[in-house]
1. Sticking with the crude label model, points 7 Å out along Cα→Cβ, report the distance from LEU138 to PHE179 in nm, one decimal please.
2. Can you tell me the FRET efficiency between ASP99 and ASP128 if r is taken as the Cβ-Cβ distance and R0 is 22 Å, rounded to the nearest 0.05?
3. Quick query: amide H of SER92 versus all other amide H atoms, modeled in the peptide plane; which residues come in under 5 Å with a sequence gap of 5 or more or a different chain?
4. Over 32 Å between Cα atoms: which of LYS104/LYS159; LYS117/LYS211; LYS104/LYS149; LYS111/LYS159 fall into that group?
5. How big is region 93-178 on each of its three principal axes, counting only the C-alpha atoms and giving the largest first in Å?
6. Using R₀ = 45 Å, calculate the FRET efficiency as 1/(1 + (r/R₀)^6) where r is the Cβ-Cβ separation of GLU200 and VAL171; round to 0.05.
7. What distance in nm separates the simple spin-label points at LYS117 and ILE209, each placed 7 Å from Cα in the Cβ direction?
8. Could you compute the net charge surrounding LYS142? Neighbours are other residues with a C-beta less than 10 Å from the C-beta of LYS142; K and R count +1, D and E count -1.
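Only the coordinates and a few stated rules stand behind these numbers; no lab work does. What you see is a predicted model, and the numbers here were worked out from it, not measured in a lab. Cβ sites come from the backbone with ideal geometry, for glycine too, and all protein chains shown count toward neighbours.
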Amino acid sequence: MKTEEKLKSNKKSVGKTVKEKSLNEKLPKEKTQKKGSKLLTKIVLRVVTILVLSAILCGALFFCYKKLTTVKKEVNYAIISKQLSYCQEFVSSKYRYSDIISLKKSAGFAKSYSIIKYSGIIRVGIFDFTEITYDVSLNGKKLVIHVPKTEILGNEITKQEVFDEKQSIFVPITTQEIFDEIELAKEEAVQEMIAEGILEESWEYASQIIKQFMLSLGFEEVEVN
């Protein structure tokens, strides 16, 4: 009987030992799993924090860049508008010419004639500088400017003298007739010069002047069209 009791007690003690061993083995595994999950959580939180901070930083930098470029662009627009406002009419070219007109009148034996020599000047350019439009790049370095076509701004007589004349009281040549003849000659001179290409030549010259002027304001590239 005693031997049986001893065997039973030995079995119980062995069973307890096995249970304790299994519990002891489970505890480190659970601790390791908890530590691993905590470490993973920390890593995820750090990554999320870094991403959020990066997004905020990028947004701030983009906002600052956009604000600075917008301000610079507005400043450039203000500078251009101010400079262009100083010149309402721009004369890019002047063309001088001279001619002689001859008027004759007769009635029977009465005759009159007048030979007049005159000189004039034709002014060509941009009538209104406010018609000029422009676009500034975001970085403020390039300017695209649109220049309107040049036109005849004026055609004035600068000198006039009677080269030769003979007047008859029966068929006089009046001052108005001389004036009308000169006006016709002036118009013919303008049409001849337009046919020779003075408007295109004047536009090219005006564009070069405007381009050089804008480059002097600090633009690195200026395109005129």
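1. 6.3 nm
2. It comes out at approximately 0.10.
3. It is VAL124, GLY125, ILE126, by chain and number.
4. The pairs that break the limit, which is 32 Å between Cα atoms, are LYS117/LYS211; LYS104/LYS149.
5. 81, 17, 13
6. My answer for the efficiency is 0.50.
7. 3.1 nm
8. With Lys, Arg at +1 and Asp, Glu at -1, the neighbours total -3.
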